[in-house]
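Peer 1: Dumping the structure here so I can ask a few things about it.
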Amino acid sequence: MQLNPISFSLVVVVFVAVALATMGFAAPPRVAPAVAAPAAAPVELQVPVIVRSDWTPQTHAGARTGQVDDVVIHHFWRPSLDHVAAPADEMALLRQVERSHLGKGWSGLAYNFVVFQSGRVYEVRGWGREGAHTKGVNAHSVGIAFAIDGDRVRPTDAAWQAAKDLIEDGVAAGHLGDDVHVSGHNEHAAKACPGRHLVPHLHDLEPATA
Ligand SMILES: [Zn+2]
């Protein structure tokens, strides 16, 4: 079918009019959910945290803290598992450290999260719970331990990125405030923790503020 220019223009005008009318009807229901979605949808997290019940029967949890602004970094000081360690080995090491802490009469592993060289992150106390990792700071901080001897071993890129992403996830989910301050255990006590390979770089773990 051949359309002369006038008929063609007419077709275009009718098409546009119909399209606008349709959008006028269709737009509100389509747009409304799209606008509402970001608030309603769960926050997209970057780090798949391995939940505590996957690696230990211990359930002791600290008091609720709500949102906090401080993150305190620790190391494990003991020989490190390398980046190709299997989850089962990482879990066994976690339980071993937990046993040693329980043996001292402590309430179990007292960090909020532990990051391994593989880049895997394990929940211990988790978000919004008081740990027992840094005297005087526990009630308003999240304690993240790198499962390495930070005096002898550097964190892998995977571990470092995981910690960075975990902190960003904490902010995105509202467990951490918008102005996160990352410090080392050494800044709160006369300790070498988290070791010379981590201490100079801790500031890099702070999310860039917009
Ligand atoms: Zn420490």
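The values are calculated or read from the model by the stated rules, or taken from the named source; none is laboratory data. Bear in mind the structure is a predicted one, so any value in this text is a computation, not a measurement. A quick note on method: Cβ atoms are made from the backbone with ideal geometry, for glycine too, and the neighbour counts reach across all protein chains shown.
Peer 1: Out of everything in the stretch 154-165 that is in contact (Cβ under 8 Å) with a residue 60 or more places away in the chain and within 19 Å of His197 (Cβ to Cβ), what residue ends up being nearest to the ligand (Cβ to nearest atom)? Break it down stepwise before answering.
Peer 2: Start the filter on the stretch 154-165 by keeping residues that are in contact (Cβ under 8 Å) with a residue 60 or more places away in the chain, which leaves 156, 158-159, 162-163, 165.
Remaining after also requiring within 19 Å of His197 (Cβ to Cβ): 156, 158-159, 162-163.
Numbers: Thr156: 19, Ala158: 21, Ala159: 16, Ala162: 18, Ala163: 14 Å.
Only one residue fits best here, namely Ala163.
Table: residues versus (1) without any contact (Cβ under 8 Å) to a residue 60 or more places away in the chain; (2) within 15 Å of the ligand (Cβ to nearest atom).
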position	(1), (2)
Val68	no, no
His75	no, yes
Arg95	yes, no
Leu102	yes, no
Gly108	yes, no
Gly126	no, no
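Peer 1: Here is a further query. So which residues in the stretch 61-99 are surrounded by fewer than 17 Cβ atoms within 10 Å (Cβ to Cβ) and within 17 Å of Arg129 (Cα to Cα), if there are any at all?
Peer 2: Within the stretch 61-99, Ala61, Ala63, Arg64, Gly66, Gln67, Asp69 qualify.
Peer 1: Tell me, which residue of the stretch 167-193 that is within 19 Å of the chain's Cα centre (by Cα) and within 12 Å of the ligand (Cβ to nearest atom) is nearest to Trp77 (Cα to Cα)?
Peer 2: Let us first name the residues in the stretch 167-193 that are within 19 Å of the chain's Cα centre (by Cα), namely 167-184.
Now drop any that are not within 12 Å of the ligand (Cβ to nearest atom), which leaves 183-184.
On the way: Ser183: 17, Gly184: 14 Å.
Of everything passing the filter in the stretch 167-193, Gly184 is nearest to Trp77 (Cα to Cα).
Peer 1: What are the pairs with Cβ atoms under 9 angstrom where one residue, in the stretch 130-153, is touching a residue at least 40 places away in the same chain (Cβ under 8 Å) and farther than 14 Å from Val182 by Cα and the other, located anywhere, is surrounded by fewer than 16 Cβ atoms within 10 Å (Cβ to Cβ) and among the aromatic types (Phe, Trp, Tyr)? Sequence gap at least six, or different chains.
Peer 2: Ala132/Trp106
Peer 1: Residue under question is Glu130, and the condition is that it be modelled with pLDDT under 95 and either charged (D, E, K, R) or under 15 Å from the mean Cα position of the chain (by Cα) (or both); does it hold?
Peer 2: On the way: modelled with pLDDT under 95: yes; either charged (D, E, K, R) or under 15 Å from the mean Cα position of the chain (by Cα) (or both): yes.
The answer is yes for Glu130.
Peer 1: Check Ala147, Ala132 and return the single one that is within 13 Å of the ligand (Cβ to nearest atom), assigned by TED's automatic domain parsing to the domain that holds Gln58, closer than 21 Å to Thr56 by Cβ and surrounded by fewer than 19 Cβ atoms within 10 Å (Cβ to Cβ). Quick ask: steps written out before the conclusion?
Peer 2: Numbers: Ala147 fails: surrounded by fewer than 19 Cβ atoms within 10 Å (Cβ to Cβ).
None of the other options fit; the residue is Ala132.
Peer 1: Of the residues Leu102, Leu109, which single one is modelled with pLDDT of 80 or more, part of a loop (DSSP other than H, G, I, E, B) and surrounded by 10 or more Cβ atoms within 10 Å (Cβ to Cβ)?
Peer 2: Working: Leu102 fails: part of a loop (DSSP other than H, G, I, E, B).
Exactly one of Leu102, Leu109 is modelled with pLDDT of 80 or more, part of a loop (DSSP other than H, G, I, E, B) and surrounded by 10 or more Cβ atoms within 10 Å (Cβ to Cβ), namely Leu109.
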